Amino acid sequence: MDVRALIKKEVLGQKAYAVDLSDCPVKLDANENPHRLSPAAATVLHDALRDVALNRYPDPEARTLRDRLSALYGVPREMILAGNGSDELIQILLAVLRTGGEGGGVLLPVPTFAMYGITAVNMGHRVTEVPLDGDFDLPDGFAGRWVKGENPDIVFLAYPNNPTGNCFSRGKMEEILDAAKGFVVVDEAYGPFSGKTFLPEVERRENLIILRTFSKVGFAAIRLGVLIGSPVLLGELNKVRLPYNLNALTQAMGVRLLDHGEELDRQVLAIVKGREELFRELQKMEGIRPFPSDANFILFRCAYDKDRVYKGLLERGVLVKSFASPPVLRDCFRVSVGTEEENRAFVAALHDVVGTCR
Ligand SMILES: Cc1ncc(COP(=O)(O)O)c(C=O)c1O
């Protein structure tokens, strides 16, 4: 039997999302928070898990967690959907969206977070990619796509953007929000590191959808993403969402970890400080050009043989993210901000490797 003959052509044409599984002491490739929780906070979280009834299905509506998130974000519970990471929420969103030439498709400024495009294609959407400008900002006239009648059904705006690290200019974002006749997803996965948000707008703009995640502030392992949007949209998303999408352990952890907001805020401040120091170090290096970042990572261009630099870093125990595409990123790496020690190890390793490439 030809198994592939039964598979959608869109899926056949894709490559699976590649994660580098190299076992490295200094892991700076995935925009994670390098800090663990204090032992006291970790004990409280682990204690919370003891009370979970493992023999029962989880609350299908994650009510306690959504109540806590509602207090945190200052929006009603009916506007909050919790998911198995924001990846799942992106998938649910694209699953409810009309396809098959009925609508205007999915609009993506590129480069941006890969999963928007991968998921959209898998779901049979037409994807239009528009290159960012030379400063990685939205190009002039981006909002014109609705004015001219192209009318994309949805646009994904990562704010700050991954992998470029910058927040698009607010004026251009607002132009889009005003012009769009479709959904505008503002993905604030890295929002805690920028201090900028569109959350206060969400109750008065029915087409605005905000995404948040706990992955970048220290909880990538528990897979907890949050979508904030209009109750009408959430009603539709709930028809597609699997009933028990958020397991009980994640729900219980999510509730408890919100009690440790101050500790997480301190970690975010340390990462922002580390980012500024790392940026200055990279700026000093010949042949290396870092781009300003509002996130917990820095994109940098490298004038040397990219494979050699990547392998040289790996040999010295440092893993960073390397990009093969799109062309604008071909000579770029992205490094997550680590602990002070990890940042020092990365800078020393890069110095060393660059020295061998000159
Ligand atoms: C912009 C952006 N959104 C969403 C995600 C995925 O987050 P999660 O771990 O919640 O699925 C990432 C992860 O890298 C990201 O960069």
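The values are calculated or read from the model by the stated rules, or taken from the named source; none is laboratory data. Here the structure is a predicted model, which is why all the values come from computation and not from measurement. Quick reminder, even Gly has a Cβ in these numbers, built from the backbone with ideal geometry, and neighbours come from all protein chains shown. Please note that ligands, DNA and RNA were not included when accessible areas were found on the heavy atoms of the full protein model with its side chains. Shrake-Rupley method; radii C 1.70, N 1.55, O 1.52, S 1.80 Å.
Any of LYS273/LYS306; LYS8/LYS196; LYS15/LYS181 with alpha carbons more than 30 Å apart? Name them for me.
LYS8/LYS196; LYS15/LYS181
What net charge do the residues around ARG77 carry, taking every other residue with its C-beta under 10 Å from that of ARG77, with Lys and Arg at +1 and Asp and Glu at -1?
0
Please state the charge dipole magnitude for the chain, taken about the Cα centre, from unit charges on C-beta atoms (+1 on K and R, -1 on D and E), reported in debye and rounded to the nearest 20.
Using Cβ point charges on Lys, Arg, Asp and Glu, the chain gives about 500 debye.
Whole number in Å², please: accessible area per residue of the chain, 1.4 Å probe, ligands, DNA and RNA not counted.
48
Carbon-plus-sulfur fraction of the accessible area of the chain, 1.4 Å probe, in percent?
52
Put a dot 7 Å past each Cα toward the Cβ at ASP307 and ASP67; how far apart are the dots in nm?
About 5.8 nm separates the two model spin labels.
Only helical DSSP H runs with n ≥ 4 go in: add -39500 (n - 2.57) per run for the chain, normalise by residue count and round the 222 nm mean residue ellipticity to 500 deg cm²/dmol.
Only helices count here, giving -11500 deg cm²/dmol.
Check each of the trypsin sites (Lys or Arg not before Pro) in segment 53-89 and keep only those in coil by DSSP with at most 11 other C-beta atoms within 10 angstrom; list them in order.
ARG56
If Lys and Arg each add +1 and Asp and Glu each add -1, what is the summed charge of the other residues whose beta carbon sits under 13 Å from the beta carbon of LEU108?
-1
Report the net charge of residues surrounding VAL353, where surrounding means a beta-carbon distance below 9 angstrom and charges are Lys +1, Arg +1, Asp -1, Glu -1.
Combined, the nearby Lys, Arg, Asp and Glu give +1.
Counting other Cβ atoms within 10 Å, keep those with at most 16, restrict to DSSP loop, and tell me which trypsin sites (Lys or Arg not before Pro) in segment 79-146 are left.
When the trypsin sites (Lys or Arg not before Pro) of segment 79-146 are filtered for loop state and at most 16 Cβ neighbours within 10 Å, ARG98, ARG126 remain.
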